[in-house]
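Notes follow the structure.
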Amino acid sequence: MSDESHEFDFSKIGEWSDGLAFRAEREHMVAFAAATNDDLEPHAKGEYAAPVYAVVPAFMTMAATTMAVVPDELKMRILHGEQDIRIVRPIRAGDDLRCRAKVIGIHGRSSGVVVTTFIETSTAQGELVNEQYYPDMARESGTAALADAGIAYDQVQQAYVGYCTGDSCSGHRAVYELGLTGVPVFNVNSNCSTGSSALFLAAQAIRGGLADCTLALGFEKMQPGSLSWGRRTARPRWVVTSRRWPS
């Protein structure tokens with residue numbers, strides 16, 4: 001992909017960076033809390049870090065990994081946009097952390113080229129501490145589903161998103177990664193019937209004449225094996241419904 005005459009390096013997509021070691025010092029965590037006006041006692045005392053502190057250990061490896069795919073002439077024009085982080089457990093004083101990153105997508109937009117980087121922070125013993133995960137999920141499978149259905153982004157009029165373990169508006173965040181803005185996005189949470197409920201509602205909107213083309217999405221990230229609230233690994237599944245499909 002190029003941005004006019006600028007060539008991005010696709011060969012590095014999916015390559016993990018070397019692990020970067022970082023020790024979480026109590027004094028540093030206390031200073032961070034003070035600098036961000038965080039007076040929550042465990043943060044102010046440096047017992048454990050505020051959630052947003054998660055960007056600190058990972059920032060250097062994230063920046064270096066992202067810049068590795070960007071043409072030299074554009075490196076001073078890069079903007080740091082959104083950064084979605086899933087906290088598995090807080091960073092504690094004395095933690096020896098290891099951060100690594102990989103570029104997972106290079107996507108052209110009307111405003112430029114977006115480089116999406118995945119960052120993983122773990123302890124030296126391999127315990128996952130935090131990771132970024134939503135944007136890549138939605139973009140990859142959503143784009144494929146729309147292409148398979150022969151539907152363009154601007155034809156989708158409504159989106160119904162089913163999940164159980166995400167935040168309250170995770171559906172909006174996932175769909176916006178496809179470039180779908182200006183359409184209503186409905187978040188659906190109904191335990192085991194979540195996916196089928198999202199699909200039912202998307203189809204019902206068409207049957208009721210409220211829309212001609214809708215998007216149904218279901219995603220979840222769960223621990224392999226028995227159910228738990230630890231690290232989640234499942235991939236999303238997308239369905240596009242349209243009047244062009246037989247009933």
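The values are calculated or read from the model by the stated rules, or taken from the named source; none is laboratory data. Everything quoted here is computed from the prediction, not taken from an experiment. With ideal geometry, Cβ positions are generated from the backbone for all residues, glycine too; neighbour counts draw on all protein chains shown.
Specify which of the listed residues (A64, A54, A33, A50) is crowded, with 16+ Cβ neighbours inside 10 Å, within 20 Å of L97 (Cα to Cα), of a type in the set (G, A, S) and touching a residue at least 40 places away in the same chain (Cβ under 8 Å).
On the way: A64 fails: crowded, with 16+ Cβ neighbours inside 10 Å; A33 fails: touching a residue at least 40 places away in the same chain (Cβ under 8 Å); A50 fails: touching a residue at least 40 places away in the same chain (Cβ under 8 Å).
Only one candidate passes the filter, namely A54.
Got a sec? Which of V113, V161, V175, V188 is within 23 Å of I13 (Cα to Cα), modelled with pLDDT of 80 or more and buried (at least 17 other Cβ atoms within 10 Å of the Cβ)? I'd like the intermediate steps shown before the answer.
Working: V113 fails: modelled with pLDDT of 80 or more; V161 fails: within 23 Å of I13 (Cα to Cα); V188 fails: within 23 Å of I13 (Cα to Cα).
Step by step, each of V113, V161, V175, V188 is checked, and only V175 is within 23 Å of I13 (Cα to Cα), modelled with pLDDT of 80 or more and buried (at least 17 other Cβ atoms within 10 Å of the Cβ).
Residues of segment 1-30 being exposed (fewer than 15 other Cβ atoms within 10 Å of the Cβ) and aliphatic (A, V, I, L, M), which ones?
M1, A21
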